[in-house]
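Novice: Please read through the structure below; I'll follow up with questions.
Since every read-out is calculated from the coordinates, none of them should be taken as a lab result. These numbers come from a predicted model, not from an experiment. Methodologically, a virtual Cβ is constructed for each residue, glycine included, from the backbone with ideal geometry; neighbour enumeration extends over all protein chains shown.
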Amino acid sequence: MLRRQQKDGHLLGFHTATPRHSNHRFISPAELEQSLRDGVANLSAVSGKPPRLVRPPFWNYNPHTFAAYQAHGLHLLLTDLSASDGKTWGINGSLRRRSNLRDQLALIATQIHTDRMPVVDELIPVVVTFHDLNTYTARHMQEYLQILLDVAVDVGLATDAKPFYDQRTALERAALQRTLSDPLQYARLPGIWNWLWN
């Protein structure tokens, strides 16, 4: 799958390389180090260069894991909007996907209107997360993307003529500008994770 994604032009980033999607905060430093070594090596073999982005399992990190990521050249990328579609068993669609994405984008619009979002190549990149294993989301991706364009209009945001990145280099450049530079910097996490970790 990774090779296919690379061939199709996607940008590969690090998420986890543990046997059971372990929370990096709750494994030993040695296990985390081995996981990072293995994952970076695997992704490097597929893409021809080491990954530069990491999104930790369960959105959870601390100064120790942050430092471990940095030691491997990984920059922590979270999200502005999440479809909250991460269930992989049972019901995995959402009847609130439109209102949910609209509410989250309204918060981002406030930051954009007060110049608190970085501009990259004359654009303001907004990070949106969809769950990688959710077949419902995969089958409805065009609908999700259309919802994003619709709710951008609802909250008064203009979108570029090409509203989604389709060039790996430009995507990576924009994503790197949205990474956290400080492990203690407050970051709003999606759904239950914000309540749980913050």
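Novice: Less than 13 Å Cβ to Cβ from L157, Lys/Arg counted +1 and Asp/Glu -1: what total charge do the surrounding residues give?
Specialist: It works out to a net charge of -3.
Novice: Would you calculate, for the chain, the mean residue ellipticity at 222 nm contributed by helices, counting each DSSP H stretch of 4 or more residues as -39,500 (n - 2.57) and dividing by all residues, to the nearest 500?
Specialist: -13000 deg cm²/dmol
Novice: List, in order, the whole-Hz ³J(HN,Hα) value for each residue of the stretch 21-26 obtained from phi through the Karplus relation with A = 6.51, B = -1.76, C = 1.60 and θ = phi - 60°; use x for Gly and Pro.
Specialist: After applying 6.51 cos²θ - 1.76 cosθ + 1.60, I find 6, 5, 5, 4, 6, 10 Hz.
Novice: For the stretch 1-78, what size does the Cα cloud have along each of its three principal axes, sorted from largest down, in whole Å?
Specialist: Here the Cα extents, ordered largest to smallest, are 34, 22, 20 Å.
Novice: Let me ask something else. Could you tell me the ratio Rg/Rh of the stretch 79-179? Both radii from Cα atoms, Rh via Kirkwood.
Specialist: On the Cα set of the stretch 79-179, Rg over Rh gives 0.96.
Novice: If you don't mind, there's one more thing I want to ask. Which entry in (i) 17.2; (ii) 17.9; (iii) 20.8 is this structure's computed Kirkwood radius over Cα pairs in Å?
Specialist: Read-out from the structure maps to (ii).
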